[in-house]
1. Can you sort 56, 41 by how many other beta carbons sit within 10 Å, fewest first?
2. By counting other Cβ atoms within 10 Å of each Cβ, how are 42, 55 ranked from fewest to most?
3. Rounded if a/c is under 1.5, else prolate if a/b beats b/c, else oblate: with a ≥ b ≥ c from the C-alpha gyration tensor eigenvalues square-rooted, which is the range 18-108?
4. How much length, in nm to one decimal, is gained on full extension between residue 36 and residue 70, taken as 0.36 nm per residue of separation minus their Cα-Cα distance?
């Protein structure tokens, strides 16, 4: 799968509009899980710690980290990987969606 870039065709869109690029990236296997695991700690996570926390294989983790870094959601720093300011901002926007899903799907079960 190619690296996500603005202006390029992505799944579900030929235009490469920013929102479609973001949704394509977040819909990729383990992308949201990686962001979630990085949001749960104040300190950066090493590759191995992130692999263990996300319960994924190294090849997939490496691919997703490359993609998430390319769009500026994750940064590599001393001690490993962390959310960038953009990544932190995105997670804050997603929290209401998480709360909505918890509330709405809890009613259905």
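Readers should treat all values here as calculations from the given coordinates under stated rules, not as data from a laboratory. Just so it is clear, the model here is predicted, and its values are computed rather than measured. Reconstructed Cβ throughout: ideal geometry from the backbone, glycine too, with neighbour counts over all protein chains shown.
1. Result, fewest neighbours first: 41, 56.
2. Fewest-to-most Cβ neighbours within 10 Å comes out as 42, 55.
3. On the way: a/c = 1.63, a/b = 1.49, b/c = 1.09.
Cα axes put the range 18-108 in the prolate bin.
4. Working it through step by step, the gained length comes to 10.5 nm.
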